[in-house]
1. What ranking do 44, 211, 353 get, fewest neighbouring Cβ atoms within 10 angstrom at the top?
2. I want the local charge near residue 359. Using Cβ-Cβ distances under 11 Å, sum +1 for each Lys or Arg and -1 for each Asp or Glu among the other residues.
3. Evaluate 2.2 N^0.38 Å with N set to the residue count of the stretch 222-367, then give the Cα radius of gyration divided by it.
4. Calculated from DSSP H runs of 4 or more alone, at -39500 (n - 2.57) each and per residue, what is the 222 nm mean residue ellipticity of the chain, nearest 500?
5. When 265, 232, 197 are ordered from fewest to most other Cβ atoms inside 10 Å of their Cβ, what list results?
6. Can you put 156, 219, 289 in order of Cβ neighbours within 10 angstrom, beginning with the fewest?
7. Which one, 88, 340, 99, has the greatest fluctuation when you compute a Gaussian network model over the chain with C-alpha springs under 10 angstrom?
8. Binned at 10 Å from 0, what are the whole-percent values of the Cα-Cα distance distribution for the stretch 37-109, short to long?
Amino acid sequence: MNEDIEIFNNLLLLAVENGASDVHVKTNKPAYLRLHGHLEPIDMDAITTSQILRFVESACPGQFLDRWQEENQIDFSFQVEEVGRFRVNAFHQRGTPSVVFRHVKDRPPTFEELNHDPEVFKKLTLFNDGILLICGATGSGKSSTLAAMMNYLNHTVDRHVVTLEDPIEFNFSDIKCIFNQREVGIDVPDFSSGMRSVLRQDPDIILIGEMRDKETFNTALSAAETGHYVFSTLHSSNAQQAVQRIFEFYPPDEHIGLRRQVASSLRAIVTQKLVPALEGIGRVPVVETFVLEGLGRNAITAGSFEKIPAIIEAGREFGSKSFNFDLYRLIREGVITKQVGLACSPNPQALEMNLKGIFLSSGGIVN
């Protein structure tokens with residue numbers, strides 16, 4: 001069994017030394033590293049079913065083993081001494097086990113290290129109450145962005161931060177803030193019970209790893225309405241889709257009353273995706289930011305979600321910006337090429353106009 005653990009430890013060391021974000025292990029295949037968004041095979045012997053099973057049973061916390069055996073899937077954290085921490089998802093496919101490892105940096109990143117616009121994110125981090133959502137697909141860097149926001153808080157203001165995560169990704173030391181990080185399955189049995197108790201823990205800031213269901217969002221709304229600031233993530237490709245996803249948690253007959261609650265509680269929706277940067281940088285996030293103000297709140301209250309993209313495009317004075325505007329910034333700063341920007345743009349023709357100095361404002365086209 002020690003030999004099996006050693007195989008995985010060496011594999012994870014190789015991943016960290018090469019800057020891989022993820023490691024994919026599939027039965028009877030060599031492992032793959034995800035390097036700058038691309039999967040690269042490792043020159044090694046195929047990993048067997050028994051090796052994967054022995055690793056999971058040895059590395060998985062004891063209280064999770066029953067779930068692994070009953071459900072054939074499990075999430076947990078794994079630490080390799082002097083290598084790093086990893087978020088692990090073990091699962092079965094076609095009757096055989098697979099494992100995906102995500103490297104989690106020990107030190108939370110800064111906005112500058114992530115190539116975010118610091119001034120935009122500093123303002124978003126320091127709202128007093130409400131809900132802020134970080135959105136994007138799996139692997140788009142949502143957790144890193146949240147960690148950077150918590151890191152900025154920790155160095156800027158005194159707050160009590162309670163997190164509910166599955167599993168914990170970044171460990172925070174108390175600097176100006178006090179952090180209590182609760183891991184589902186270890187510190188709390190499930191998300192529901194964690195959410196029910198969080199408001200009794202005198203938090204200023206609540207970080208919820210993911211908005212999963214109606215109960216979770218209800219608690220977030222209650223917290224926001226009673227003076228807390230809630231950070232969370234949601235799987236969506238843009239702000240309009242994120243708002244629509246929220247309402248999918250609820251039956252249609254509850255939507256009218258909910259629209260006013262959501263409109264008043266949401267502070268911002270940040271949606272990001274990773275795009276290839278210049279050689280040597282890897283990938284960087286490109287961000288759409290929807291900061292709620294009068295027009296945005298009115299659109300949500302009225303259920304006119306289709307107006308959100310135009311409101312974002314015209315709302316730069318309030319801090320909103322489209323994917324195209326952030327691509328424009330990254331191209332102008334020399335972080336990505338024009339070709340990459342156009343390929344990743346949701347509207348390449350509009351981006352071409354932006355690069356010529358033509359933008360849409362609340363008053364129309366400006367030059």
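1. Working: 44 13, 211 22, 353 17.
In increasing order of surrounding Cβ atoms, one gets 44, 353, 211.
2. Net local charge, residue 359 excluded: +2.
3. Working: Rg = 16.7 Å, N = 146, 2.2 N^0.38 = 14.6 Å.
Output field value: 1.14.
4. Working: 14 runs with 138 residues, N = 367.
Calculated at 222 nm, the ellipticity per residue is -11000 deg cm²/dmol.
5. Numbers: 265 19, 232 22, 197 14.
Lowest count first: 197, 265, 232.
6. On the way: 156 14, 219 22, 289 25.
Fewest to most other Cβ atoms nearby, the residues stand as 156, 219, 289.
7. 340
8. Whole-percent P(r) values from 0 Å outward: 17, 46, 32, 6.
Read-outs: derived from the displayed coordinates by stated rules, not from any lab. Here the structure is a predicted model, which is why all the values come from computation and not from measurement. Neighbour counts run over all protein chains shown; Cβ positions are idealised from the backbone, glycine included.
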